[in-house]
Amino acid sequence: GVLVAIAARSRAGEHAWEQSLGNVGLGVLAGFAAAACQSIGTLIIFDLLREGQNPILATTIRVWIAVVFLIICLFIPTLSGGFKQYKLLNLRLCLQVALSGILGMAIGMSLLLWAIKLAPLGTVVILSATTPVILLPILWFITKKRPARLSGLAAVLVVAGTAMLFIAV
């Protein structure tokens, strides 16, 4: 499914949110680095959660570490473009960012950490990896842009592949 999504990328991308800006190779490298860090972080937190660590506290610590690194990046303009992007902020955009943070980090990550604490790690990781694909219909609804057929097929393949993993278990 992921391979089909990448193959369909050249035919998609009509909406501004789907445009590739900057160095695509660097973006792919950053994506792999982020996935590796996510995996390492999951393995690190797994034992802590099983020993009784509070998932809400773990989420809070994670958010504050991210805040520190984002602030550091602001002072290195070659990494982030510096403060000039913040001149574009308005109330609506600030509310959207706040809602995204509350839903994604506060609620979503807390639920993910609770799941890691209570369920088998492999199951949680596989299901959390399908979240972006499951959110695609919402994105397509919001942007009012019909996806390329291959993009829809890719999403179906990812969900079907995940379902087969659980049916086989």
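The values are calculated or read from the model by the stated rules, or taken from the named source; none is laboratory data. Bear in mind that the values here come from a model prediction, so they are computed numbers and not experimental data. So basically every Cβ, Gly included, is an ideal-geometry build from the backbone, and we count neighbours across all protein chains shown. Note: areas computed on protein heavy atoms with side chains; ligands, DNA, RNA excluded. Shrake-Rupley method; radii C 1.70, N 1.55, O 1.52, S 1.80 Å.
Candidates in region 3-53 are the residues that are of a type in the set (G, A, S) and loosely packed, with under 10 Cβ neighbours inside 10 Å; of these, the one that is modelled with the highest pLDDT is G52.
Take the conditions (1) under 26 Å from T162 (Cα atoms); (2) surrounded by 11 or more Cβ atoms within 10 Å (Cβ to Cβ); (3) modelled with pLDDT under 85; G122 misses just one of them, which is (2). Taken over region 149-169, the criterion of being β-branched (V, I, T) and part of a helix (DSSP H, G or I) is satisfied by V156, V158, V159, T162, I167. Within region 132-148, is there a residue that is within 27 Å of L43 (Cα to Cα), open to solvent by less than 70 Å² (accessible area, probe 1.4 Å) and assigned to a helix (DSSP H, G or I)? Looking for residues that are within 27 Å of L43 (Cα to Cα), open to solvent by less than 70 Å² (accessible area, probe 1.4 Å) and assigned to a helix (DSSP H, G or I), one finds at least one in region 132-148, hence yes.
Anything in region 81-113 that is open to solvent by less than 50 Å² (accessible area, probe 1.4 Å), free of Cβ contacts under 8 Å to residues at least 40 places away in the same chain and either among the hydroxyl-bearing types (S, T, Y) or not in a helix (DSSP H, G or I) (or both)? List them, or say none. Within region 81-113, G81, G82 meet the criteria. The requirement of being in contact (Cβ under 8 Å) with a residue 12 or more places away in the chain, within 20 Å of C37 (Cβ to Cβ) and of a type in the set (K, R) is fulfilled nowhere in region 50-59; no residue meets it.
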